[in-house]
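The structure appears below as structure tokens.
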Amino acid sequence: MNDSKPTPDSTGNPARASLARMLELTRGEEIDCEGFAEHLAALVEGNVEPELKALMDHHRRICPECEEERQALERALSPQDAT
Ligand SMILES: [Zn+2]
């Protein structure tokens, strides 16, 4: 009959929960390569929160390897061969 219907609860958003946990771990200061890689796809797609983007921008400056990864993914995702 009346099944428990899914409640529109924004706090149940897994992505947000993950972000909140990560920001808590890093105390809003820095992220490591693991955290960077975890959100790299979202960053390239422009789907990261401003706070997270700032952290990732900072990591790119101090970590050439991750910046290289980002550029590679950006190239891979951009329609460079479109005619
Ligand atoms: Zn890194």
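Since every read-out is calculated from the coordinates, none of them should be taken as a lab result. Since the structure is predicted, the reported quantities are computational estimates derived from the model, not experimental observations. So basically every Cβ, Gly included, is an ideal-geometry build from the backbone, and we count neighbours across all protein chains shown.
To make sure I understand, if each residue's beta carbon is the centre and we count other beta carbons within 10 Å, what order do 33, 66 fall in, fewest to most?
On the way: 33 13, 66 20.
Fewest to most other Cβ atoms nearby, the residues stand as 33, 66.
Give the average over all directions of the projected area of the C-alpha convex hull of segment 30-83, one decimal, in nm². Before the final figure, lay out each step's value.
Working: hull surface 14.8 nm².
Mean projected area for segment 30-83: 3.7 nm², to one decimal.
Note: relative contact order over segment 30-83, using C-alpha pairs below 8 Å and six or more positions apart, is 40 percent. Between residue 18 and residue 32, what is the label-point separation in nm under the 7 Å Cα-to-beta-carbon projection? Each label point lies 7 Å from its Cα, and together they span 1.8 nm.
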